[in-house]
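Engineer: Quick one: the structure is below, questions incoming.
We did not get these values from a lab; they are worked out from the coordinates using the rules stated. Just so you know, these numbers come straight off a predicted model, no measurement behind them. Reconstructed Cβ throughout: ideal geometry from the backbone, glycine too, with neighbour counts over all protein chains shown.
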């Protein structure tokens with residue numbers, strides 16, 4: 001877990017509130033009011049805003065805010081845990097509006113949804129740390145591969161859960177394997193778990209095509225197409241790895257290795273002068 005990052009420079013600049021005595025002392029002093037504040041959750045405040053006569057609503061809300069400030073129950077700091085790729089400026093812009101407001105009136109669910117709307121945030125959780133801190137925990141997308149659904153389609157970033165990461169600048173991820181084919185993101189996690197069983201093959205995979213939404217073709221070193229079977233692809237990759245260790249198969253002038261028949265490894269050779277670089281094809285196929 002990454003350490004908590006405190007978005008404090010701009011946020012504390014926005015706070016700059018007068019120092020008060022420790023909140024525990026104020027708590028004893030304002031004990032009757034504390035009960036009122038703690039018994040009036042944000043939902044009740046929302047109902048007051050919506051359903052009570054305007055004068056009574058304003059009086060209730062004003063009293064709530066005054067008491068909260070007297071007790072020091074006002075947001076002075078926001079801490080964020082789990083940020084890796086989310087822009088700090090985007091977080092500051094979103095969170096600084098909560099600084100200076102009564103902490104019990106902050107609608108945590110609304111803030112959570114706003115955080116999850118940021119491109120890199122997959123899930124978020126927000127909690128209050130009384131008397132004056134909001135703490136947000138982010139789970140960000142973890143990039144796994146690039147994906148192109150069909151020829152000519154825009155390339156998108158896929159995370160470890162098979163979800164599309166809604167970012168447009170992919171320059172930092174050009175070294176990731178390229179996936180092709182309908183349904184490839186959803187099946188990507190299973191594919192990479194499969195490849196992890198044969199790391200000597202996995203590190204040579206530059207692309208993979210999901211064929212008919214049921215099996216994979218791999219592309220090694222940008223030049224060799226490896227056709228995996230639908231049934232037991234792990235055994236097929238193990239056979240390929242064993243053949244490579246024993247005979248250096250993948251160093252030969254070949255462009256296709258067909259592993260779809262359990263008893264055979266079918267290899268198609270290519271003349272060096274006419275060698276082509278195979279490209280991952282999505283969609284239909286055998």
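Yes/no per residue for (1) exposed (fewer than 15 other Cβ atoms within 10 Å of the Cβ); (2) within 28 Å of residue 85 (Cα to Cα):
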site: 160; (1), (2): yes, yes
site: 199; (1), (2): yes, yes
site: 213; (1), (2): yes, no
site: 228; (1), (2): no, no
site: 231; (1), (2): yes, no
site: 251; (1), (2): yes, no
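Engineer: Which numbered condition trips up residue 158, out of (1) touching a helix residue (DSSP H, G or I) at 6+ places or on another chain (Cβ under 6 Å); (2) under 30 Å from residue 110 (Cβ atoms); (3) free of Cβ contacts under 8 Å to residues at least 12 places away in the same chain?
Structural biologist: Of the numbered conditions (1) touching a helix residue (DSSP H, G or I) at 6+ places or on another chain (Cβ under 6 Å); (2) under 30 Å from residue 110 (Cβ atoms); (3) free of Cβ contacts under 8 Å to residues at least 12 places away in the same chain, the odd one out for residue 158 is (3).
Engineer: Tell me yes or no: at least one residue of segment 95-104 is surrounded by fewer than 19 Cβ atoms within 10 Å (Cβ to Cβ), within 30 Å of residue 158 (Cα to Cα) and in contact with a helix residue (DSSP H, G or I) (Cβ under 7 Å, 6 or more places away or on another chain).
Structural biologist: no
Engineer: Among the residues of segment 73-101, which ones are under 11 Å from residue 133 (Cα atoms) and in contact (Cβ under 8 Å) with a residue 40 or more places away in the chain?
Structural biologist: Answer for segment 73-101, where residues must be under 11 Å from residue 133 (Cα atoms) and in contact (Cβ under 8 Å) with a residue 40 or more places away in the chain: 73, 74, 75, 76, 77, 78, 79, 80, 99, 100.
Engineer: From 259, 240, 228, grab the single residue that is in contact with a helix residue (DSSP H, G or I) (Cβ under 9 Å, 6 or more places away or on another chain), free of Cβ contacts under 8 Å to residues at least 60 places away in the same chain and within 21 Å of residue 144 (Cα to Cα).
Structural biologist: 228
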